[in-house]
Amino acid sequence: MNPGGTSVTAVAPKVAGADRVDVAVKAGAGTSPASPMDVYAFVGTTPRLPAIKSLSPASGPVAGGSRVTITGSNLTHATKVEFGGIAGSKLKVDSSGTSLTVRTPAAKRAGTVRVTVITSVGKSAKVTADRFSYVAPASRYQKLTKPVRVLDTSAAGGGGPLGAGATRRVTINKAAGVPADATALLLRVTVTARAAATSLTLYPAGQSRPAASSLSVKAHGSVTRVVEVALGKGGVISLYNKAGLTEVELTLVGYYAPASDLVADLKGHLYR
């Protein structure tokens, strides 16, 4: 140490491999705090990448905000943790380099994503333990006290019958008693085939049409059935008619929405 106490010279110890470490100075008054300026890099071989061994908890709500503890190795200089490519927040790294905590970001949908720890050396490799599952909120069914007709192709303004191979989009929104966060509908569907036998498929707009139809009807026949269908973006569903000219009536009888967001009004409908 120089006489002014502003610098000190030391010999670095031998280490097993290349790495970046924090340098601490110990004196009678205590130990210097860690900072980005005290990092010393051992060179000579490839620096060690961060590695994930476990996540706790390994699941949380799609809204984000879960405090997750990640254990592993070489985590000391973590600068970011990503969940499915989206950065978490409030990152805190333990000085041991074997654990850190981070808050999960919000997700677009329920499902499992990869968690990646990023340091100045690079990114953690993919392992089984780095998977985090986003969970959708519990849903609750709400029956409407008075069913609402949302489509009648034979009525004025109904758009007319669906032709063979035709797809029609129908918007189901709050005007029909459905809140913006509803996830699925229960519809009473009546299909009338003007000529050829056909089948009708209901599915969320914007998604691929499923192979299985929702209901079938014989030539010149009529069938009514209650069908559950998930809502697409913006509260829109799609109808696909396989053959012939077909009339369709849709009557909304109920819907599913997150249980925590339901508040009953005087009419018995539920709104956010």
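The values are calculated or read from the model by the stated rules, or taken from the named source; none is laboratory data. In this text the structure is predicted, and so the values were computed from the model without any measurement. FYI the Cβ positions are ideal-geometry reconstructions off the backbone, even for glycines, and counts take in every protein chain you see.
Quick notes
- Criterion violated by Arg114 - all others in (1) touching a helix residue (DSSP H, G or I) at 6+ places or on another chain (Cβ under 8 Å); (2) of a type outside the set (Asp, Glu); (3) surrounded by 19 or more Cβ atoms within 10 Å (Cβ to Cβ) satisfied: (3)
- Residues in segment 78-98 that are of a type in the set (A, V, I, L, M), within 19 Å of Val127 (Cα to Cα) and over 18 Å from the mean Cα position of the chain (by Cα): Ala78 alone.
- Ala205 satisfies every condition listed in (1) touching a Phe, Trp or Tyr at 6+ places or on another chain (Cβ under 6 Å); (2) among the small types (Gly, Ala, Ser); (3) farther than 16 Å from Tyr256 by Cβ except (1).
- Conditions (1) in the same structural domain as Val223 (by TED's automatic domain parsing); (2) buried (at least 16 other Cβ atoms within 10 Å of the Cβ); (3) modelled with pLDDT of 90 or more; number of the one not met by Ser124: (1)
- Single residue of segment 17-36 satisfying the filter (loosely packed, with under 11 Cβ neighbours inside 10 Å and closer than 16 Å to Gly97 by Cα) that is modelled with the lowest pLDDT: Gly17
- Taken over segment 54-74, the residue count meeting the criterion of being modelled with pLDDT of 90 or more, at negative phi and surrounded by fewer than 14 Cβ atoms within 10 Å (Cβ to Cβ) is 1.
- The number of residues in segment 99-145 being over 18 Å from the mean Cα position of the chain (by Cα) and not in a strand (DSSP E or B) comes to 9.
One line per residue, one yes/no per condition, for (1) of a type in the set (Gly, Ala, Ser); (2) more than 29 Å from Ala63 (Cα to Cα); (3) in the same structural domain as Ser56 (by TED's automatic domain parsing):
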site: Gly111; (1), (2), (3): yes, no, yes
site: Thr116; (1), (2), (3): no, no, yes
site: Thr119; (1), (2), (3): no, no, yes
site: Asp152; (1), (2), (3): no, yes, no
site: Gly160; (1), (2), (3): yes, yes, no
site: Gly165; (1), (2), (3): yes, yes, no
site: Thr171; (1), (2), (3): no, no, no
site: Pro179; (1), (2), (3): no, no, no
site: Ala184; (1), (2), (3): yes, no, no
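- Condition met for Tyr134 (among the aromatic types (Phe, Trp, Tyr) and surrounded by fewer than 17 Cβ atoms within 10 Å (Cβ to Cβ)): no
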